[in-house]
Amino acid sequence: MKRKNLLWIIIIVCVIVGIALPKVLASKPEVKKGSGGPAKRNMVTNVSVYVVKLQPISDQIISTGNILANEQVDLKSEISGRITSLKIEEGAPVVKGQLLVKINDSDLQAQLLKAKAAYNLAKDRENRQKVLLEKAVISTEDYQTAVKDLESCNADIELITSQIRKTEIRAPFSGIIGLRSVSDGAYLNVGTQIASLISLNPLKIDFAIPERYFGNVKPGTKLTFTVQASEKVYNAHVYAVEPRVDEMTRTAQARAFCDDADSFVAPGAFAKVNLVLGTNADAVIVPSQSLVPDITGQKVFCVRQGKAVPVSVHTGIRTAQMVEVTSGLAAGDSVVTTGVLMLRPNMPVVVTADSE
């Protein structure tokens, strides 16, 4: 009886397994050989492209600079004394040689009168000695002594005259007087600053040029600049370049004359300088983000027949957003601008947008 029951259990189990096994096998996904490879090979990437066209591009230097006066000097006294005449009008123009300050020179004038009297006496004595020498009454040595006395008196006059000239402070060049620091009747010590004198025509611009452009910037090179006080673009031209490169900054200093400065451009102001070295009217340019570093240099991906094809390129002039391509591309090529780091050679791509 027990054997009969065991037999029936075995039969039932076999029937259940026979019915369930086909269904389990049917529900298991079919695994094909190399199932992962084709999926990856058939992956398509969406990209944006830039259609290459010939455009002008300029090689330029963007730098910062300082506005300088053509000439600038602080007027100071060379001697001590009281001001007897102050002919300075703040902010007014003056011409070269104009008397600005006169210091008391009464004592020097008295010394000058005394020296001139001594000179006259020495001159008369020299004349008498000369006559006596011609008559052989005196020796040559006596006459030479009289000549030396005359020369000494003349030197005294020159010395006093030069000291009197120092009591007169005159404009060394034509310009504009700044704010004065003294008043009429004040006592000046040696080196006391009286006022500043500035020549504003023309103005100068000091700016730095990178070492790589040292040989490209020469006297006569034109540039433009702007200042914060005005939206106008001013013109200038380089007239001198420092003949060395600073080893700390790796730049060279250049100086230019401003051709059309106005009242908005003042010495000491900050200037933004733009210096154009050359222009290529028909350049092949691409966005800078399309370039990919390569072992041999740089490359871009071009879309050709629905695939990303790598192309080695050589570059030239660079701007803030664009780069000139000197070889490797032609007008009409579609260069990938987005997702370039994810691309592989001959990967299928779909163009979703054209960038300008």
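The values are calculated or read from the model by the stated rules, or taken from the named source; none is laboratory data. Fair warning: this is a prediction, and the values are worked out from it, not measured in the lab. Using ideal geometry, Cβ is built from the backbone for each residue, glycine included, and neighbour counts are taken over all protein chains shown.
Looking at V131, V147, which one is out of contact with any helix residue (DSSP H, G or I) (no Cβ under 8 Å at 6 or more places or on another chain) and of a type in the set (V, I, T)?
On the way: V147 fails: out of contact with any helix residue (DSSP H, G or I) (no Cβ under 8 Å at 6 or more places or on another chain).
Just a single option satisfies the conditions, and that option is V131.
Within segment 185-243, which strands (runs of 3 or more DSSP E) (wholly inside it) include 3 or more residues that are farther than 30 Å from R170 by Cβ? Don't jump to the end; show me each part of the working.
Working: elements: 193-199, 204-210, 222-227, 230-241.
Output list reads 204-210, 222-227, 230-241.
Select from segment 161-192 the residues that are of a type in the set (A, V, I, L, M) and surrounded by 12 or more Cβ atoms within 10 Å (Cβ to Cβ) and write down the one among them that is farthest from G97 (Cα to Cα).
Narrowing segment 161-192 to residues of a type in the set (A, V, I, L, M): 164, 169, 171, 176-177, 179, 182, 186, 188, 190.
Of the ones still in play, those that are also surrounded by 12 or more Cβ atoms within 10 Å (Cβ to Cβ) are 164, 169, 171, 176-177, 182, 186, 188.
Numbers: I164: 16, I169: 9, A171: 5, I176: 13, I177: 13, V182: 20, A186: 23, L188: 21 Å.
In this case the residue turns out to be A186.
Looking at this structure, is I205 surrounded by 16 or more Cβ atoms within 10 Å (Cβ to Cβ), β-branched (V, I, T) and outside the structural domain of F270 (by TED's automatic domain parsing)? Before you say what the answer is, go through the steps one by one.
Values: surrounded by 16 or more Cβ atoms within 10 Å (Cβ to Cβ): yes; β-branched (V, I, T): yes; outside the structural domain of F270 (by TED's automatic domain parsing): no.
Answer is no for this residue.
So that you can scan it fast, the table gives a plain yes or no per residue for (1) aromatic (F, W, Y); (2) assigned by TED's automatic domain parsing to the domain that holds S85; (3) under 60 Å from the mean Cα position of the chain (by Cα); (4) closer than 30 Å to A195 by Cα:
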| position | (1), (2), (3), (4) |
| --- | --- |
| L112 | no, no, yes, yes |
| A115 | no, no, yes, no |
| N120 | no, no, no, no |
| R128 | no, no, no, no |
| A136 | no, no, no, no |
| T140 | no, no, no, no |
| V147 | no, no, no, no |
| E151 | no, no, yes, no |
| E158 | no, no, yes, yes |
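Could you say whether any residue in segment 299-309 is modelled with pLDDT under 90 and either among the hydrophobic types (A, V, I, L, M, F, W, C) or in contact with an Asp or Glu (Cβ under 9 Å, 6 or more places away or on another chain) (or both)?
There is no residue in segment 299-309 that is modelled with pLDDT under 90 and either among the hydrophobic types (A, V, I, L, M, F, W, C) or in contact with an Asp or Glu (Cβ under 9 Å, 6 or more places away or on another chain) (or both).
Looking at R250, is it closer than 16 Å to S63 by Cα, of a type in the set (K, R) and surrounded by fewer than 14 Cβ atoms within 10 Å (Cβ to Cβ)? Spell out how you get there, then give the answer.
Details: closer than 16 Å to S63 by Cα: yes; of a type in the set (K, R): yes; surrounded by fewer than 14 Cβ atoms within 10 Å (Cβ to Cβ): yes.
Criteria met by R250.
Among the strands (runs of 3 or more DSSP E) lying completely within segment 248-316, list those that include at least 2 residues that are outside the structural domain of A331 (by TED's automatic domain parsing) and in contact with a Gly (Cβ under 8 Å, 6 or more places away or on another chain).
Details: elements: 251-258, 270-287, 292-294, 297-304.
So the answer is 270-287.
Which residues, taken from segment 273-311, are polar (S, T, N, Q) and buried (at least 18 other Cβ atoms within 10 Å of the Cβ)? First the steps, then the outcome.
To start, the set of residues in segment 273-311 that are polar (S, T, N, Q) comprises 274, 279-280, 288-290, 296, 298, 305.
Residue satisfying the conditions is S290 alone.
On the basis of being under 16 Å from the mean Cα position of the chain (by Cα) and either free of Cβ contacts under 8 Å to residues at least 60 places away in the same chain or within 30 Å of A117 (Cα to Cα) (or both), does A240 make the cut? Full working, then the answer.
Details: under 16 Å from the mean Cα position of the chain (by Cα): yes; either free of Cβ contacts under 8 Å to residues at least 60 places away in the same chain or within 30 Å of A117 (Cα to Cα) (or both): yes.
Yes; evaluated as a whole, the condition is true for this residue.
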